[in-house]
Amino acid sequence: MTINLKPNERLDDLGRNGYMLIQNPEKFCFGVDAVLLSGFAHIKDGQKALDLGTGTGIIPILLEAKTKASHLTGLEIQEESADMARRSVAYNGLASKIDIVTGDIKEAGAIFGHASFDVVTCNPPYMIGGHGLQSGDDARMVARHEVLCTFDDVARETAKLLKEGGNFYLVHRPFRLVELVTTLTKYKLEPKRIRFVHPYVDKEPNMVLIAAKKGAKSRVTIEKPLIVYDGPGQYTQEIYDIYKPEKYGGSIKE
């Protein structure tokens, strides 16, 4: 299938099922966090899943390659990103399996209806207000900073969207872990699995993966750490198994 790319867009090989993804490096490209989330999430055969803030659709497309979900949906507020996601879905012949919807996370429950999904995933903005480096680009700003929604918005709408016993998978920053757990439990999304991601075995974690279940009893498992690098430029075997970084020119974006 041929595709007409817009200015500054490129077509990247995802290394899964021959799937490709349209991205604009002048705006925002997916990083290791999104890919690790797609490996951490568990979708049973025949289940329906929603990715909140899907960007250019990386998580639904990877989940389609890795699972036997009956249907996947991505919700994205920025039309430019949603348009790239739709064109990637069409290019990969996945229009019958993946829907990309333009809309606001804060209104997700109203858009899709309550108890509509078995699984929800989210790679939300990590930074609060002015915390961290600010980007002058709107797309990067929205992806990295809580300018259009907060984590409370994400958790509240996820609780509406999930069926009872449904699962929520997210990736975030460890410095906000207490807030994340408190907010999840506020909406009866009980953390069940937590896994810290470390750049090196002797370095502090810079990401945390969390799996929560709607309406579950309180009991959490802290899984073994996930280490990204064995040494400078040398990825651990687990990262290779999850990501296949050679497909990306040997580079993983943090």
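Nothing in this text is a laboratory measurement; each read-out follows from the coordinates by a stated rule. Just so you know, these numbers come straight off a predicted model, no measurement behind them. Note: ideal-geometry Cβ built from the backbone for every residue, glycine included; neighbour counts use all protein chains shown.
When HIS172, HIS71 are arranged by Cβ crowding within 10 Å, least crowded first, meaning fewest neighbours, the order is HIS71, HIS172. For a quick check, take a GNM of the chain with Cα springs below 10 Å and name the residue from GLY233, GLY109, GLY53 with the largest mean-square fluctuation. In the Gaussian network model the winner is GLY233.
Using the Cβ-Cβ distance between LEU177 and HIS114 with R0 = 25 Å, the FRET efficiency computed as 1/(1 + (r/R0)^6) comes to roughly 0.35.
Highest GNM mean-square fluctuation among ALA159, ALA34, ALA65, for the chain modelled with Cα contacts below 10 Å: ALA65. Among ASN123, ASN17, ASN167, the largest mean-square fluctuation in a Gaussian network model of the chain (Cα springs under 10 Å) belongs to ASN17. Does a label point 7 Å from the Cα of ALA90, set along Cα-to-beta-carbon, have any residues of the stretch 5-48 with amide nitrogen under 19 Å, and which are they? Residues 5-12, 19-24 qualify, since their backbone N sits under 19 Å from the label point. Estimated purely from DSSP H runs of n ≥ 4, each contributing -39500 (n - 2.57), the mean residue ellipticity at 222 nm for the chain is -8000 deg cm²/dmol once divided by its residues. With neighbours defined as other Cβ atoms within 10 Å of a residue's Cβ, the residues THR183, THR158 order from fewest to most as THR183, THR158. Lysines near LYS160 by alpha-carbon distance under 28 Å, same-chain residues fewer than 8 away left out - which ones? LYS160 reaches LYS44, LYS48, LYS66, LYS68, LYS97, LYS106, LYS186, LYS188, LYS192, LYS213, LYS214, LYS217.
Coupling constants for the stretch 109-123 follow from the phi torsions by the Karplus curve (6.51 cos²θ - 1.76 cosθ + 1.60, θ = phi - 60°), and in residue order they are x, 6, 5, 9, x, 6, 6, 8, 9, 7, 9, 10, 10, 7, 10 Hz; glycine and proline get x. Here the ratio of the Cα radius of gyration of the stretch 4-125 to 2.2 N^0.38 Å is 0.98. The mean sequence distance of close C-alpha pairs (under 8 Å, at least 6 residues apart), as a share of the length of the chain, puts its relative contact order at 17 percent. Among the trypsin sites (Lys or Arg not before Pro) within the stretch 1-37, not one is in coil by DSSP while having at most 11 neighbouring Cβ atoms inside 10 Å.
The simple spin-label model puts a point 7 Å past each Cα toward its Cβ; for LYS44 and THR102 those points are separated by 3.6 nm. For THR121, the amide hydrogen comes within under 5 Å of the amide hydrogens of LEU50, ASP51, LEU52, TYR169, counting only partners 5 or more places away or on other chains and with H modelled in the peptide plane.
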